[in-house]
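Visitor: One structure follows; several queries about it will come next.
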Amino acid sequence: MTDFLQLLISGLATGAIYALAAIGFTLLWQTSQTINFAQGEFVMVPAFLALIAMRWFGVPFVASLVLAILASMLLLGVAFRYVVVGPLIRRGVLPLVISTIALSILLKESVKDFYSAEAQTFPTLLPDTLITVAGVSVSLAQLGVLAVALVTIVLLQWFLAGTRTGRQMQATAQNPTVARILGVPVERMILYTFLINAALAAMASLLVSPIYLAKFSNGETLGLIAFVAAIVGGFNQVRGAIAGGLLIGVLDNLAAAYVSTAYRQAIPLILLVLVILFRPQGLLGRREERAV
Amino acid sequence: MSARNSLLIGLALLVLLALAPVDLNDIGVPYPGLRRYGTYILTLWLVTAIAAMGVNLIVGYAGQETLAQAAFVGIGAYLTAIVTKAGVPFGVAFAASGLLTFVIGIALGFPALRVQKHYLAFVTLAFSVLCWLVFRNEQWITGGVMGIRDIERPSFLGWPLRNHIRFYWFVLGITSIMTFVLWWIVRSPWGRAFTALRENPLRAESLGVDVRLYTLLAFALGSAYGGMAGSLYAPLVEFIDPSPFALGPSLLFMLMVVIGGSGTFLGPFVGAGIAVLLPEWLRAWETWYLLIYAVLVMVMMAFFPSGIVGLATRLLARKARS
Amino acid sequence: MLRKTLALAGLAIGGLWAPAGFAQDIVIPNIIELSGGGATVGAMWKNGSSMAVEEINASGGILGKKIKLEFIDTASDPGKARAAMQRALDDKPVAIFGPIYSGSVSATLKMTADAEVPQVIGGEAGNLTAQGSKYIFRTSFGQNVSMPKIANYLRDIVKAKNVAVVFVNNDFGKGGRDAIVKELAARDIKVVADISTEAGQADFAADVIKLKGANADAIFVYLNEEESARFLREARKQGLNKPLIGETTLLGQKVIDLAGDAANGVKGHVGLTVDAPVPAIQEFGKKYEAKYKTKPDHNGVKGYIAPYMIKAAAEKAGKLDGKAIAAALRGMTITPDKVPGILIEATWDDTGEIDRISFLGEVKDGKQVITETLPKLKK
């Protein structure tokens, strides 16, 4: 039982990171039909932006974190929107897929060639103090990840459901044509989703790097898992992505402990295939009209 | 271009390619022939192009996405390596590789194509990673991360293909046959149905084209091309391990087909050529070639999404008019 | 149309002939992992060998000729490594450096043997030297040499009866795992848990829980450096209080830097380390760090000694010829008083296996401490 709780909590903490990445993924898909194959790299890069601020320019730690988030929003939000996605948005899904695959190579190789091929330690806001309750040890850093991720998600949900801009964004996501007729500034809403995606990815990056180190290749697994989490949860619902992320985090740990460490990656993928076969709209998704 | 002209140009290219590794000084042409390495790279290009032709059938003609071509290449390569080491003739292994991957293609595609567009992409993504895990973990049959060493090159009608030029000719022969088959399919009523499909799905359906069946067969056939490419890859490299069959290389297959020009007949050859030869041209740049490749792909997608062949056709057409 | 296509094809094929280096210099191709899974390892090797070549060139080169290194990326893929090797061999080099991943070495070693060109490798898999090539030369212990030492350590010093093994599922980790399991069996030590992990794995919670339940006297950890650090952090968090025994990749300074306090208390056998109590190696470590702003690991040292091996062997052979250099290197002992760049006295046998002193050590207060120096196997 203790083991199970330990696995559950570790799984939730990792899962919260996946959820942050998966939310951005679904937002982009909904508003602009962008399947972002560079999403994992989006979670890898911000930590390096913070490291560059700290180590090259001597900016203090907290200020570097803020700078990293802002720079990510500029680079992975605005620039991604207008330079990479902009010219392709009306050309269908495939060219965008190809372009984001290339972008993922570009980001990964740039960090490797311009910064370092080595894993980097990353300072943490929260001390590595251990709390042990009933045999389950959790580090403060891990709890912090879970807390920050959950607060971010709650805030995002409130923003989407409770503010005018948020509702306009949802309208854009559901049906851009109708939204435009209703007077929603669709272009601006799409930009907002790109900004939110970049900010969420940056949060995930700054939360995950102190625990698991920052490395240029970190995005490879993260991107795949965010992708799987988004589909499993429901590609058209933010809460689906959250559930998908947490579920896969926990499932991965349980699979490694009780099934096989060698095939731990297989379990989420088998779940993915089952979901596609039996509940194609995702666990929490709603059915989409079949567009012809 | 008429069918006759296409065939003539194809034959001319074939003759040139066949002569590429031969020293022509003896017959008075000042051409030394490619060395071992050049021949090896050309063979690798042909093998890559076979798998890319399969992707092109799926992506360019049937309008689906496959993220598992490298996994199918892997299945063909492992099957061939394992059974030829057990004494089965190469021809049987080659046919079995094509058949097995065709059957897997049907099994994967049938359920996935019932649901929405893009779901085939998701299913192939999962399949690709699962295959890679099996290649890595089932050491008793695949050799695990240590791979399989000393895969023999086969004989063809009693003619041993150990020599690199002979093996190259052998692969060139197979590639020509497979290219011709695909060319014939694309020009058959079946292939024309795809063109109709791409241009107007509603009309195609109303004309009685069974969209789902055609798409399924295209996916299975495209995957089988991957399996057969794998069957040639194993004896070419004489060593296989799981790394070239992971998810990343599957994505690169998509990349090369779209860059070459998806839905065009020559696209896969051009795309495979760039993927195989570019690192060679940019060798002085060490790993920077990946940065350059990535930027080129993004620029290409932004300005010429129809790929190199599409661009070339447009330029030629403009020149012909002026 | 036809003429254009032909012109294009001609251009494409033309790219396959590359100029064969500069006439005056000796070009040594490094066929190493510069991208893909082995990029970190390849970067270290590249720095190390570049540094050695600069030193050699500054002091007159080899037999009066300067060396130029060429770096070719294998993308950590044996198929590409093979292609790169073919190209390199077409130019008839006097030696080849790399690859570092054992799989890529396995795929290329027959080619260098056929071409009679010495291949200085970074691979550590045990079976590489057992494939009959007379032309490969290791820069570090093969697992067939290092694992018996660890098994002895587990039996004689840790006095373990039950051992858990956690390894990374790549050719390095799997090779080491296979070798240690064999050695443990030969010493009547039981393997009570056998845990495979992924390269690049981040979360080790489940693996540590399995180890806690395994009831082992000691745990043998065979992961790459970063994964070692992540593992140690998690082990510390969950209070895993069994002796953690490992090789160079568990006790190195890099792991200590990445894992912090969690690295304290790990022990094991170290084949090659920049923290060795050998002044020449520590000197090398300082030079490397000053030049590349990062600490070297054993792959940096491996890359560094490779050019010096060729230099010593070529000077012994008296000519720059691959076959002669390989013949000179077989059975040769290179000592640091004659060739300072070799760092520690080393001997190669007929199969290319390296023999030199190694160390037993542990991590105390964030520092690697060497507790014992093991002598060379053969005097």
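Visitor: Please give, to one decimal in nm, the separation of the simple spin-label points placed at B:TRP288 and B:LYS319, each 7 Å out from Cα toward the Cβ.
Guide: Result: 3.1 nm between the two label points.
Visitor: How would A:TRP56, B:TRP169, C:TRP45 line up by accessible area, probe 1.4 Å, largest first? Don't skip to the end; give the middle numbers.
Guide: Values: A:TRP56 145, B:TRP169 95, C:TRP45 0 Å².
Ranking A:TRP56, B:TRP169, C:TRP45 by accessible area, largest first, yields A:TRP56, B:TRP169, C:TRP45.
Visitor: Give me the dipole magnitude in Debye, nearest 20, for the range C:160-266 about the Cα centre, with unit charges on the beta carbon: positive for Lys and Arg, negative for Asp and Glu. Before the final figure, lay out the partial values.
Guide: Numbers: 14 positive and 16 negative charges, 82 e Å.
Approximately 400 debye in magnitude.
Visitor: Per the Debye formula with a single identical scatterer at each Cα and no solvent contribution, what log10 I(q)/I(0) holds for chain B at q = 0.07, 0.08, 0.13 Å⁻¹?
Guide: -0.29, -0.38, -1.02
Visitor: Protein chains only, probe 1.4 Å: how do B:SER155, A:SER139 rank by accessible area, largest first?
Guide: On the way: B:SER155 75, A:SER139 10 Å².
My answer, sorted largest first, is B:SER155, A:SER139.
Visitor: Tell me which chymotrypsin sites (Phe, Trp or Tyr not before Pro) from the range B:48-118 have a DSSP coil assignment and no more than 15 other beta carbons within 10 Å of their own.
Guide: On the way: sites: B:TYR61, B:PHE72, B:TYR78, B:PHE90, B:PHE94, B:PHE102; in loops: none.
Nothing satisfies the criteria.
Visitor: A follow-up question, please. Would you mind pulling out the separation of the Cα centroids of the range B:172-235 and the range A:166-219, in Å?
Guide: Here the two parts' Cα centres lie 38 Å apart.
Visitor: A follow-up question, please. Tell me the carbon and sulfur percent of the accessible area for chain B, rounded to whole percent, probe radius 1.4 Å. Each step should come with its number before you reach the end.
Guide: Working: 9280 of 13270 Å².
In chain B, the share of accessible area belonging to carbon and sulfur is 70 percent.
Visitor: Please identify the longest segment of chain B free of exposed GluC sites (Glu not before Pro), where exposed means a DSSP state other than H, G, I, E or B and no more than 15 other Cβ atoms within 10 Å.
Guide: B:153-322
Visitor: Give me the tail of P(r) for the range A:151-241 as a percent: Cα-Cα pairs with distance above 22 Å.
Guide: That tail contains 38 percent of the Cα-Cα pairs.
Visitor: If you take the Cα atoms of chain C, find Rg, then find the Kirkwood Rh from the mean of 1/r over all pairs, what is Rg/Rh?
Guide: Working: Rg = 21.5 Å, Rh = 21.5 Å.
In chain C, Rg relative to Rh is 1.00.
Visitor: Applying the Karplus parametrisation 6.51 cos²θ - 1.76 cosθ + 1.60 with θ = phi - 60° to the phi angles of the range A:232-243, what ³J(HN,Hα) value in whole Hz is obtained for each residue in order, glycine and proline being reported as x?
Guide: Once rounded to whole Hz, the list reads 4, x, x, 5, 10, 9, 4, 5, x, 5, 5, 4.
Visitor: Ballpark to the nearest 100 Å², how much total accessible area do A and C bury together, probe 1.4 Å? Intermediate values should be presented prior to the final figure.
Guide: Working: alone 14330 and 16360 Å², together 28190 Å².
Interface area, both chains combined: 2500 Å², rounded to the nearest 100.
Visitor: Which order do you get for B:HIS118, B:HIS164 if you rank them by accessible area with a 1.4 Å probe, largest at the top? Before the final figure, lay out the partial values.
Guide: Working: B:HIS118 20, B:HIS164 45 Å².
Listed by decreasing accessible area, they come as B:HIS164, B:HIS118.
Visitor: Considering only protein heavy atoms, what is the solvent-accessible area of C:VAL165 at a probe of 1.4 Å, reported in Å² to the nearest 10?
Guide: About 0 Å², ignoring ligands and nucleic acids.
Visitor: Summing both sides, how much accessible area is buried between B and C? Use a 1.4 Å probe and give Å² to the nearest 100. Display every interim value, and only then the final one.
Guide: Numbers: alone 16900 and 16360 Å², together 29540 Å².
Adding both sides of the contact gives about 3700 Å².
Visitor: Here's a follow-up. Enumerate the amide H contacts of B:ALA62 below 5 Å, restricted to partners 5 or more residues apart or on another chain; note that Pro and chain-start residues carry no placed amide H.
Guide: none
Visitor: Another question, then. Label chain A by shape, choosing from rounded, prolate and oblate, from the square roots a ≥ b ≥ c of the eigenvalues of the Cα gyration tensor; if a/c is under 1.5 it is rounded, and otherwise prolate applies when a/b is larger than b/c, oblate when it is not. Don't skip to the answer; put the middle values down first.
Guide: Working: a/c = 1.59, a/b = 1.19, b/c = 1.33.
It comes out oblate by the Cα gyration axes.
Visitor: Find how much the distance from A:VAL133 to A:ALA161 grows on full extension, using 0.36 nm per residue of separation minus their present alpha carbon separation; answer in nm with one decimal.
Guide: Working: separation 28, 0.36 × 28 = 10.08 nm, distance 3.65 nm.
Here the segment from A:VAL133 to A:ALA161 would lengthen by 6.4 nm.
Visitor: While we're here: With every protein chain left in place and a probe of 1.4 Å, what is the accessible surface of B:SER262, to the nearest 10 Å²?
Guide: 40 Å²
Visitor: A follow-up question, please. With runs of 4+ DSSP H residues as the only contributors, calculate the mean residue ellipticity of the protein assembly as shown at 222 nm using -39,500 (n - 2.57) per run, divided by the residue total and rounded to the nearest 500. Show your work: numbers first, answer last.
Guide: On the way: 38 runs with 585 residues, N = 993.
The per-residue figure over the protein assembly as shown is -19500 deg cm²/dmol.
Visitor: Another one. At a probe size of 1.4 Å, how large is the accessible area of C:GLU183, to the nearest 10 Å²?
Guide: 40 Å²
Visitor: So, one more: Which value in Å is the Kirkwood Rh of the range A:1-151 over different Cα pairs?
Guide: Details: mean 1/r = 0.0571 Å⁻¹.
After inverting the pairwise mean of 1/r, the radius is 17.5 Å.
Visitor: Which percent of the accessible heavy-atom area of the range C:254-379 goes to carbon and sulfur, probe 1.4 angstrom?
Guide: On the way: 2700 of 5160 Å².
Ligands and nucleic acids excluded, carbon and sulfur give 52 percent.
Visitor: With springs only between Cα atoms under 10 Å, which of B:GLY63, B:GLY109, B:GLY38 fluctuates most in a Gaussian network model of chain B?
Guide: Answer for the Gaussian network model of chain B: B:GLY38.
Visitor: Could you point to the residue in A:GLY183, A:VAL250, B:MET301 farthest towards the positive end of the protein assembly as shown's charge dipole, with +1 and -1 charges on the Cβ of Lys/Arg and Asp/Glu respectively?
Guide: A:GLY183
Visitor: Then there's this: If you count, for every residue in B:36-48, the Cβ atoms of partner chains within 10 Å of its Cβ, what is the mean?
Guide: Values: counts 6, 12, 8, 3, 7, 6, 3, 1, 4, 1, 0, 0, 0.
Partner-chain Cβ atoms within 10 Å, mean over residues of B:36-48: 4.
Visitor: Let me ask you something else. Magnitude of the Cβ-charge dipole of the range A:39-153, K/R +1 and D/E -1, about the Cα centre, nearest 20 debye? Don't jump to the answer; show the numbers that get you there.
Guide: Working: 6 positive and 5 negative charges, 86 e Å.
The calculated dipole for the range A:39-153 is roughly 420 debye.
Visitor: Work out, in µm²/s and without decimals, the Stokes-Einstein translational diffusion coefficient of the range B:198-311 at 25 °C, 0.890 mPa s, Rh from Kirkwood over C-alpha pairs.
Guide: On the way: Rh = 16.4 Å.
Once the numbers are plugged in, D ends up at 149 µm²/s.
Visitor: Once you order the gyration tensor axes a ≥ b ≥ c over the Cα atoms, which shape class does the range B:63-116 get: rounded for a/c under 1.5, otherwise prolate or oblate by comparing a/b with b/c? Could the numbers behind the result be given before it?
Guide: On the way: a/c = 3.66, a/b = 2.56, b/c = 1.43.
Prolate, since a/c reaches 1.5 and a/b exceeds b/c.
Visitor: Other chains' Cβ within 10 Å of A:216-226 residues: what's the mean?
Guide: Working: counts 3, 8, 3, 0, 5, 5, 2, 0, 4, 0, 0.
Average per residue, whole number: 3.
Visitor: Rolling a 1.4 angstrom probe over the protein heavy atoms, how many square angstrom per residue are accessible across the protein assembly as shown?
Guide: Working: 37890 Å² over 993 residues.
Here the per-residue accessible area is 38 Å².
Visitor: Which loop trypsin sites (Lys or Arg not before Pro) in the range C:107-168, with loop taken from DSSP, have no more than 12 other Cβ atoms within 10 angstrom of their Cβ?
Guide: On the way: sites: C:LYS110, C:LYS134, C:ARG138, C:LYS149, C:ARG155, C:LYS159, C:LYS161; in loops: C:LYS134, C:LYS159, C:LYS161.
Here the trypsin sites (Lys or Arg not before Pro) that fit, given the DSSP loop and packing criteria, are C:LYS159.
Visitor: Continuing with the same structure: Given Cβ point charges of +1 (Lys, Arg) and -1 (Asp, Glu) and nothing else, what value in debye, to the nearest 20, does the dipole of the range A:2-218 about its Cα centre take?
Guide: On the way: 11 positive and 7 negative charges, 154 e Å.
Value, rounded to 20: 740 debye.
Visitor: Quick check: from the Cα gyration tensor, does the protein assembly as shown come out rounded (a/c under 1.5), prolate or oblate? Mind showing how you got there, number by number?
Guide: On the way: a/c = 1.69, a/b = 1.10, b/c = 1.53.
The shape class here is oblate.
Visitor: Could you go through the range B:66-79 in sequence order and give the Karplus-derived ³J(HN,Hα) for each residue, using 6.51 cos²θ - 1.76 cosθ + 1.60 with θ = phi - 60°, rounded to whole Hz, and x for Gly and Pro?
Guide: 10, 10, 9, 4, 5, 5, 5, 4, x, 4, x, 5, 5, 4
Visitor: Among C:LYS65/C:LYS254; C:LYS212/C:LYS254; A:LYS108/C:LYS291; A:LYS215/C:LYS190; A:LYS108/C:LYS182; C:LYS66/C:LYS316, which pairs are too far apart, with a Cα-Cα distance over 28 Å?
Guide: In this structure, C:LYS65/C:LYS254; A:LYS215/C:LYS190; A:LYS108/C:LYS182 exceed 28 Å between Cα atoms.
Visitor: Step through the residues of the range C:100-114 one at a time and calculate ³J(HN,Hα) from phi using the Karplus curve (6.51 cos²θ - 1.76 cosθ + 1.60, θ = phi - 60°), rounding each to whole Hz and writing x for Gly and Pro.
Guide: 9, 6, 4, x, 5, 5, 4, 6, 10, 5, 5, 5, 5, 5, 4
The values are calculated or read from the model by the stated rules, or taken from the named source; none is laboratory data. It should be emphasised that the depicted structure is a prediction, and the values quoted were computed from it without experimental measurement. Note that we place each Cβ from the backbone using ideal geometry, even for glycine, and neighbour counts take in every protein chain shown. These area figures cover heavy atoms from the full protein model, side chains too; ligands, DNA and RNA do not enter into them. Shrake-Rupley method; radii C 1.70, N 1.55, O 1.52, S 1.80 Å.
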